[in-house]
Amino acid sequence: MGREIEEMAAELKHEVVVTIDNEDDWNTNLDKLKTADVAVEFSMPGTAENNIRRCFSSGIPVVSGTTGWTSSIENIRQECLAGGNAFFYASNFSPGMNMMFELNRKLASLMSNYPHYRILIEEIHHAGKKDAPSGTAISLASDIMQLHPVKSKWVNKPSAGPEELEIISIRRNQEPGTHFVKYDSDVDSLEIKHKAHSRKGFAMGALLAAEWLIGKKGCFSMRDMLYDGK
């Protein structure tokens, strides 16, 4: 994702003032970081929090798309607000995927009256993806659980428990990302699907978020940007 964002930034005539990949980069490039208008953070679950805090310390707004660490994201949001910083987080920056989030919420609301349907989320990603399930799949599941009368927790395995929402994770080759939400019964099936053809859509969404975030204070999501002024 870092390479995709750097290439897309060049296409959009943005200047990348610094790229930080490791601890040595932090030590030698902090002055360059302080000249940036915004930081775009795609790293690893174990380093995301510290990366974001370092940007906050330098007064740099942060757009983050790292997944697998969000059990502690509320701490970052509180620190952002307390310090007067700006933080934009999305588990998926694809505009199309964010339309699917909207469809998923609407469908979950409609299907809440039909609890006999089995619900399944399936996500397919490249073999090198470290976290499972994907952050996008967890976001889909969380929205369903808020609206469905039976589902109270997700599990990353097949399950027959009526309160459990199944998320099946598949890792293969260089798949950029595909997500299905399926409702299945004895008489029919219904599903919605989003398939990314490349990582370019994620990079474009992250850069649009970076442009939008400049000059703002607070914590934001894709919904804030997509529905800004609407």
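The values are calculated or read from the model by the stated rules, or taken from the named source; none is laboratory data. On a predicted model such as this, the values are computed, not experimentally measured, just so you know. Quick reminder, even Gly has a Cβ in these numbers, built from the backbone with ideal geometry, and neighbours come from all protein chains shown.
Could you say whether any residue in the stretch 172-184 is part of a helix (DSSP H, G or I), surrounded by 14 or more Cβ atoms within 10 Å (Cβ to Cβ) and out of contact with any strand residue (DSSP E or B) (no Cβ under 7 Å at 6 or more places or on another chain)? No, that holds for no residue. Output the number of the condition that LEU110 fails; it satisfies all remaining conditions of (1) surrounded by fewer than 17 Cβ atoms within 10 Å (Cβ to Cβ); (2) in a strand (DSSP E or B). Failed condition: (2).
The condition of being among the hydrophobic types (A, V, I, L, M, F, W, C), over 30 Å from ARG54 (Cβ atoms), at pLDDT 95 or above and touching a Phe, Trp or Tyr at 6+ places or on another chain (Cβ under 6 Å) holds for only one of LEU103, LEU107, LEU140, LEU165, that being LEU165. Tallying residues that are surrounded by fewer than 17 Cβ atoms within 10 Å (Cβ to Cβ) and either free of Cβ contacts under 8 Å to residues at least 60 places away in the same chain or over 24 Å from GLN78 (Cβ atoms) (or both) within the stretch 199-223 yields 3. Taking the condition assigned by TED's automatic domain parsing to the domain that holds HIS116, within 19 Å of the chain's Cα centre (by Cα) and aromatic (Phe, Trp, Tyr), does TRP154 pass? The answer is yes for TRP154. The single condition among (1) within 18 Å of the chain's Cα centre (by Cα); (2) more than 15 Å from ILE5 (Cβ to Cβ) that PHE88 does not satisfy is (2).
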